[in-house]
């Protein structure tokens with residue numbers, strides 16, 4: 001094409017290629033921007049989830065402590081009540 005096409009045709013082709021390159025560059029920049037925003041959003045979500053899990057772990061530890069403290073007493077009371085009820089019959 002370079003050897004056989006007239007100069008005007010080559011200049012038109014050059015303009016088309018420049019336009020295509022600019023379009024592709026713009027598309028690539030848009031994709032990078034969109035993916036960057038998704039990455040930042042995912043990072044924020046993971047950070048929030050980590051905080052939520054840490055809070056939940058603390059709350060679960062407190063619940064386990066409360067259960068360990070009161071559960072034996074509650075079980076004993078239930079057993080005494082059952083023993084009393086069954087002993088009456």
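The values are calculated or read from the model by the stated rules, or taken from the named source; none is laboratory data. Keep in mind it's a predicted model, so treat the numbers as computed, not measured. Don't worry about glycine lacking a Cβ; one is built from the backbone with ideal geometry, like all the others, and counts go over all protein chains shown.
When restricted to residues that are at pLDDT 95 or above and under 16 Å from the mean Cα position of the chain (by Cα), segment 17-37 contains 2.
Are any residues in segment 70-89 part of a helix (DSSP H, G or I) and exposed (fewer than 10 other Cβ atoms within 10 Å of the Cβ), and if so, which ones? It would help to see each step written out before you state the result.
To start, the set of residues in segment 70-89 that are part of a helix (DSSP H, G or I) comprises 70-88.
Those that are part of a helix (DSSP H, G or I) and exposed (fewer than 10 other Cβ atoms within 10 Å of the Cβ): 73, 84, 85, 86, 87, 88.
Of the residues making up segment 1-50, those that are loosely packed, with under 10 Cβ neighbours inside 10 Å and in contact with a helix residue (DSSP H, G or I) (Cβ under 9 Å, 6 or more places away or on another chain) number 2.
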